[in-house]
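Inspection log for the structure reproduced underneath, given as structure tokens.
The values are calculated or read from the model by the stated rules, or taken from the named source; none is laboratory data. Just so it is clear, the model here is predicted, and its values are computed rather than measured. Cβ placement follows ideal geometry from the backbone for every residue including glycine, while neighbour counts extend to all protein chains displayed. To get the accessible areas, we keep the full protein, side chains included, count just its heavy atoms, and leave off ligands, DNA and RNA. Shrake-Rupley method; radii C 1.70, N 1.55, O 1.52, S 1.80 Å.
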Amino acid sequence: MSTLTITDIRIMDPASGRDEVGHVVIEDGHIAALGDVPVRGEVMDGYRLTCCPGLIDARVKAGEPGLENLETLESASKAALAGGVTQIVVQPQTVPVIDDLSLVDFILRKGEALPVEVHVAGALTKALDGQTMTEIGLMSDAGAVYFASGPQPIENAQIMRRLMSYAATFNALISNSPVTPAMSDGTCAHESDVSARLGLPSAPAVSERMMAERDMALAELTGGRLLLDLISSAETAESVRRGKQRDIDVAASVSINHLALNELDIGDYRTFAKLDPPLREERDRQSLLRAVEDGTIDIIVSDHDPQSAGRKRLPYAEAATGAVGLELMLPVGLKLAAEGELDLMSYLRATTIAPAELLGLKGGKLEVGAPADLVIFSETEPWVLDSEKLLSRSKNTPFDDRRMTGRVRHTIKGGEIVYSAT
Amino acid sequence: MTPFEGYEFTKTHCLDISDFHRADIENLLALGAHYSDLDVQKNGPRDLLGGKTLINLFFENSTRTEKSFELAGRRLGADVISMQVASSSVKKGETLLDTAATLNAMNPDLLVVRHGSSGAPSLLAQKVSCSVINAGDGTHAHPTQALLDALTLRQAFDGDFSGIRIAICGDILHSRVARSNVQLLTMLGAEVRLIGPPTLIPTDADQWGVEIFHDMKEGLSGCDSIMMLRLQLERMSGSFVPSKREYFHYYGLDRKKLGYAKDGAVVMHPGPMNRGVEISSGIADDPDISLITYQVAAGVAMRMAILHALSDGIR
């Protein structure tokens, strides 16, 4: 019987609202006591450190199967633990696409051997063709936690309606990319004076809002559960806010990148800041931050998207979109909190209990008897990011050479220390 | 045999269940039961429709419905002809109303129509001077199928529908059989439930006086009879349901799901069946459970009864 007590640490648990300095006692992989309790067993000094539940990242591309040159489940799992993430949901846009029972099973089996918990989002349509429904019921039963449209939205409204309606039988969550292809296809930037000066083909933010509004209308019609995957504009956030007021079963996610960066970070055609959806204006970023704080945006994801340097070092319009984010998920959040841009508790809610509740996962909270999945971090430690030191197999990050405030010290999964900063 | 003792059947057409009131239906079913006796059926009133002409006008393919009308007509002494619509002037672009005018000029007495468009038989009925029987129109109605299903159930449950719980399962959205059965069976006092994935249940069907279920276990609980509907294979892959495998897993009737219903529950299917998609062969072929062959037999009897009843108007 192993017992570990982390002493004098700031305990932050968004599920219960607990925010106090105390001890955390871990026994046999579970949290045995919290707060002002006697110290037992081995001791880890947590003075001036903070702990929270292990983060849940609901949007990770892990490269398997088929794209192992960019990332494997194993390398993604190492990167995740270094970023304080103890549960990941891998996306279906692999080679082949995860649109079948056997592939869901393949990923889950591979995940069992890893220190992070691996979950799967199944494809909503066969080969992500946007037309042919996958076996949502059977894949749900096999363990898929939600169903994603992939990089392209379900363009046909009638098909989206049927998907939502069918998925409602299984209470399955459907995620769609809110983007109107007729407006956004072939563009690579947000429509503004910045992209106009750079001469980049661009799409307006309403492209996102229009699809979000359509999907919310369909959710209202069908009673289906909708996740608007990666919203990025002030207008969409406002739409979602109004949708929630009308009691539509809608949730929204935002990537950590869109909370920390804006279109000016593209600067002189920096393709490492080329993302999908594109980075938008500062006012959009501010709106997204407020939307996280007021609960309009439910979850923050890393949108971990490994790309090779070769596909990034291209003229801007031709370069691949995406950034790795697993390892930076918590540090970037801490930086936003340290700079007073985002309430830390709100950030933690959107990365722990909120995704756990949305996807029906265990964990995401610190309570006596729960598995001891937690992250210990410093809120104040300054450091500079060197992308070469990232554990992810791909190093494409827009935060290279950035000054950071706040860093993960230890990640504990099921009572085991699975990561420690060097 | 005077089936309508003390009551006059005044209808000219048989287009939709809602055209009839309960007394009409009870009388039709009683007459159907009368014709269910094979002796009556084969050695019955050969002259009832003697000298009358029945035209089968099928714009959609059918085997059992068309042949059962033909047989019913012949057993009552009518001259039966079947229009081969596929090779007729319809293919050459003739409109439905022109066809109606042409047929009307031939002075038939009974016109049995199946058409792919909802409402086509009632349009025809306005333009011809004979009786029109709807043998299925679009996704609207199939009254004679509903009546023969009711006749089958009447025999299985000794004539009493009150408190009988009947589940209609599968593709309700595209089914005219389901729509007519809902009307008829609720009129007769049965408790009707619809079970299927939400993509195959019409919007607001709960306002038809039935309960809707998306789960077979819940829906079949306490059912006395289960009516399975054919899932058209072209709807199988696409956006209504994902695959045969998944459909059968959640909505196909097998022994396990049958176990959720009442002990001794009976199973029906309007045919043609997709074995292994909506119903397992074991159940379809089990004489203790399946009423499917009785339905076909009841089809001829019920159609004789309908022709008989309408013949009062013809005379």
Please state the charge dipole magnitude for the protein assembly as shown, taken about the Cα centre, from unit charges on C-beta atoms (+1 on K and R, -1 on D and E), reported in debye and rounded to the nearest 20. 1580
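Rounded if a/c is under 1.5, else prolate if a/b beats b/c, else oblate: with a ≥ b ≥ c from the C-alpha gyration tensor eigenvalues square-rooted, which is region B:250-294? Walk me through the numbers before you get to the answer.
Working: a/c = 1.85, a/b = 1.09, b/c = 1.69.
It comes out oblate by the Cα gyration axes.
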When chain A is modelled as a GNM with alpha-carbon springs shorter than 10 Å, which of A:Asp265, A:Asp386, A:Asp57 fluctuates the most? A:Asp386
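Would you tell me the mean number of C-beta atoms belonging to other protein chains that fall within 10 Å of each C-beta in B:190-197, as a whole number?
Numbers: counts 0, 0, 0, 0, 0, 0, 1, 9.
Shielding by partners across B:190-197 averages 1.
Give me the inter-chain shielding for A:166-173: mean count of other chain Cβ atoms within 10 Å, whole number please.
Working: counts 10, 3, 4, 9, 4, 0, 0, 0.
Other-chain Cβ atoms within 10 Å of each residue's Cβ, averaged: 4.
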Most fluctuating of A:Asp294, A:Asp100, A:Asp193 in the GNM of chain A (C-alpha, under 10 Å) is A:Asp193
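Hey, what's region A:1-123 come to in accessible area per residue, 1.4 Å probe, Å²?
Details: 4570 Å² over 123 residues.
So region A:1-123 comes to 37 Å² accessible per residue, rounded to a whole number.
Within the set B:Lys11/B:Lys67; A:Lys362/A:Lys413; A:Lys312/A:Lys395, which residue pairs have Cα atoms separated by over 19 Å? List each step's numbers first, then the result.
Values: B:Lys11/B:Lys67 24 Å; A:Lys362/A:Lys413 13 Å; A:Lys312/A:Lys395 10 Å.
Going by Cα-Cα distance, B:Lys11/B:Lys67 fall outside the 19 Å limit.
What's the carbon and sulfur percent of region B:148-281's accessible surface, probe 1.4 angstrom, rounded to a whole number?
Working: 2240 of 4850 Å².
So the carbon and sulfur contribution to the accessible surface is 46 percent.
Can you send over the carbon and sulfur percentage of the accessible area for region A:1-149, probe radius 1.4 Å, protein chains only?
Values: 2610 of 5250 Å².
Heavy-atom surface of region A:1-149 belonging to carbon and sulfur, 1.4 Å probe: 50 percent.
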Normalise the Cα radius of gyration of region A:287-422 by 2.2 N^0.38 Å (N = residues in it) and let me know the number. 1.14
Using all C-alpha to C-alpha distances in region B:222-274, build P(r) with 5 Å bins and read off the rounded percent in each one. 5, 18, 26, 22, 17, 9, 3, 0
Taking just the C-alpha trace of chain B, give me its Rg and Dmax in Å. 19.3, 56
Is the shape of region B:91-207 best called rounded, prolate or oblate, per the rule: a/c under 1.5 gives rounded, else a/b larger than b/c gives prolate, else oblate, with a ≥ b ≥ c the square roots of the Cα gyration tensor eigenvalues? oblate
Quick calc of log₁₀ I(q)/I(0), the protein assembly as shown, Debye, one scatterer on every Cα, no solvent, q values 0.06, 0.07, 0.08 1/Å, result -0.50, -0.63, -0.74
With chain B treated as a Gaussian network of Cα nodes joined by springs under 10 Å, which of B:Thr186, B:Thr53, B:Thr203 yields the largest mean-square fluctuation? B:Thr203
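Over 16 Å apart: what share of the alpha carbon pairs of region A:367-422 falls there, rounded to a whole percent?
Values: 867 of 1540 pairs.
That fraction is 56 percent.
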With the crude spin-label approximation of a point 7 Å out along Cα→Cβ, what separation in nm comes out for B:Glu94 versus B:His21? 3.9
Label-point separation in nm, A:Val384 to A:Val206, each point 7 Å along Cα→Cβ: 4.5
For region A:1-84, just the Cα atoms, rotate onto the principal axes and tell me the three extents in Å, largest first. 50, 30, 20
For region B:219-315, what ratio Rg/Rh do Cα atoms give with a Kirkwood hydrodynamic radius? 1.10
May I ask you to order B:221-232, B:33-44 by the average number of other C-beta atoms within 10 Å around their residues, highest value first? B:221-232, B:33-44
For B:Lys244, list the lysines whose Cα falls under 28 Å from its own Cα; do not include residues on the same chain fewer than 8 positions away. A:Lys126, B:Lys217, B:Lys256, B:Lys257, B:Lys262
Considering the Cα trace of chain A, what is its radius of gyration and what is Dmax, both in angstroms? 20.5, 64
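Given a 1.4 angstrom probe, what's the average accessible area per residue across region B:48-143, in square angstrom? Before the final figure, lay out the partial values.
On the way: 4010 Å² over 96 residues.
It amounts to 42 Å² per residue over region B:48-143.
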Using a 1.4 Å probe and ignoring any ligands, DNA or RNA, find the accessible area of B:Lys52 and quote it in Å² to the nearest 10. 50
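Please report the carbon-and-sulfur percent of the accessible area for region A:328-422; probe 1.4 Å, protein heavy atoms only, DNA, RNA and ligands left out. Before the final figure, lay out each step's value.
Numbers: 1810 of 3920 Å².
Carbon plus sulfur share of accessible area: 46 percent.
Restricting the count to DSSP beta bridges whose residues both fall in the protein assembly as shown, what percent are antiparallel, rounded to a multiple of 5?
Numbers: 33 of 100 bridges.
Counting DSSP beta bridges with both partners in the protein assembly as shown, the antiparallel share is about 35 percent.
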